[in-house]
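Below you'll find the structure, written out as C-alpha cells, and then a few comments.
The values are calculated or read from the model by the stated rules, or taken from the named source; none is laboratory data. Because the structure is a prediction, the values reported are computed rather than measured. Counting neighbours? That spans all protein chains shown, and the Cβs are built from the backbone with ideal geometry, glycine included.
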C-alpha cells in the first residue's frame, strides 16, 4: 500500500461532486497527526496570549490569517470554481458549531493548565465515533471500539474528574468537545461532495466575519510589533490544522483516526511542562501511556487488515 499518493491528494484538494472517500487510511492518519501538531501549538499560543488580548480578537486573528492561507490554496487549485457547493445549509451548521467550539475551547485554554484542558477537549473523538454510527451509518468493529474506549480511560486517568476540574474552564472544554464531535461528522458528510479547500474556506470566512464584527463592537487591544507575528502565526497554524484535519476525514473513517487524536494530550503536556512548568505526575504518565498504546494498536490492526485484504 502506498502511504502517499500525489494523484489521490490532488483529487481530494479540489474534488467536487462525488469525491471518493477512504482512499488511503495511512494518509488519513498522517494528516490527523499533522493537524494535531498545528492545533496544539496554536492552543499553547492562545494560552500564552489570552491574558493580553480578548477572546474575540484572538478568534479574529485565528480566522483572518487562516483565510489568507486558504485563498492561496484556492488560487493554486484553479480559482473560485472549486467553491461551488450543493450543501449551503451544512456549511452554515458546520460554521456555527465550529465557532462555538472555538470560542469555548479558547476560553478554557486561557484559564486552565494546558494538559488538563487538552485532555477534556479530546473526549471529542469518542463522541465523534459514537455519533458516526447513527449519523453516517459507519460500522465500528469491536477492536476499534476497544481502542477508543481504552484511549478514553487514559484520558480519564489524566483528568481525574473532580469538582475543580469541572468548574468554569472544564465545563467550557466539555461543551467544545461535543461541538467538535458533531462538526466532525458534518465534515464527513460535506467531504462527499465538497473539496477540503471549499469546506475550510466557508468556515474561516464565517469566523472572520463574525469575529470582525465582534472586534468592532467590543474592545480592541492594538498588538505590538512582536505580537503581530505571534497572532498571525497562530492563525496560519489554525488554518493549516483545519485544512489537514478536513483531509484526514476524507481519507480515513472517524472510527479509525479518532485514537490518534489522543496524542495531542501528550504533546500538550510536554509544552505545558517546558513553557509553563506544569509538571505532570505519575498518574498522568500512566494515562498517557495507555493512550499511546491504544493508538499504536489501532494502527497495527489497520495494517494487518490492509495486508490481508
- Query: Out of 99, 67, 72, which single residue is under 27 Å from residue 223 (Cα atoms) and surrounded by fewer than 18 Cβ atoms within 10 Å (Cβ to Cβ)?
  - Reply: 72
- Message: Which condition from (1) at pLDDT below 85; (2) in a helix (DSSP H, G or I); (3) farther than 24 Å from residue 33 by Cβ is the one that residue 167 breaks?
- Response: (2)
- Message: I'd like the full set of residues that are on the phi < 0 side of the Ramachandran plot and either in contact with a strand residue (DSSP E or B) (Cβ under 8 Å, 6 or more places away or on another chain) or in contact (Cβ under 8 Å) with a residue 40 or more places away in the chain (or both), limited to the stretch 72-91.
- Response: 73, 74, 77, 82, 83, 84, 85, 86, 87, 90, 91
- Of the residues 89, 79, which single one is out of contact with any helix residue (DSSP H, G or I) (no Cβ under 7 Å at 6 or more places or on another chain), surrounded by fewer than 19 Cβ atoms within 10 Å (Cβ to Cβ) and closer than 19 Å to residue 184 by Cα? 89
- Message: Name the single residue that is surrounded by the most Cβ atoms within 10 Å (Cβ to Cβ) among those in the stretch 145-161 being under 20 Å from the mean Cα position of the chain (by Cα) and either free of Cβ contacts under 8 Å to residues at least 24 places away in the same chain or closer than 18 Å to residue 25 by Cβ (or both).
- Response: 151
- Message: For the structure I just gave you, tell me whether residue 287 is surrounded by 22 or more Cβ atoms within 10 Å (Cβ to Cβ), over 19 Å from the mean Cα position of the chain (by Cα) and assigned to a helix (DSSP H, G or I).
- Response: yes
- Flag if residue 246 is at pLDDT below 90, part of a helix (DSSP H, G or I) and either under 23 Å from residue 33 (Cβ atoms) or touching a helix residue (DSSP H, G or I) at 6+ places or on another chain (Cβ under 8 Å) (or both): yes
- Query: Somewhere in the stretch 170-188, is a residue over 24 Å from residue 264 (Cβ atoms) and at pLDDT below 85?
  - Reply: no
- Please indicate, with yes or no, whether at least one residue in the stretch 203-226 is part of a loop (DSSP other than H, G, I, E, B), modelled with pLDDT under 90, more than 17 Å from the chain's Cα centre (by Cα) and under 22 Å from residue 89 (Cα atoms). no
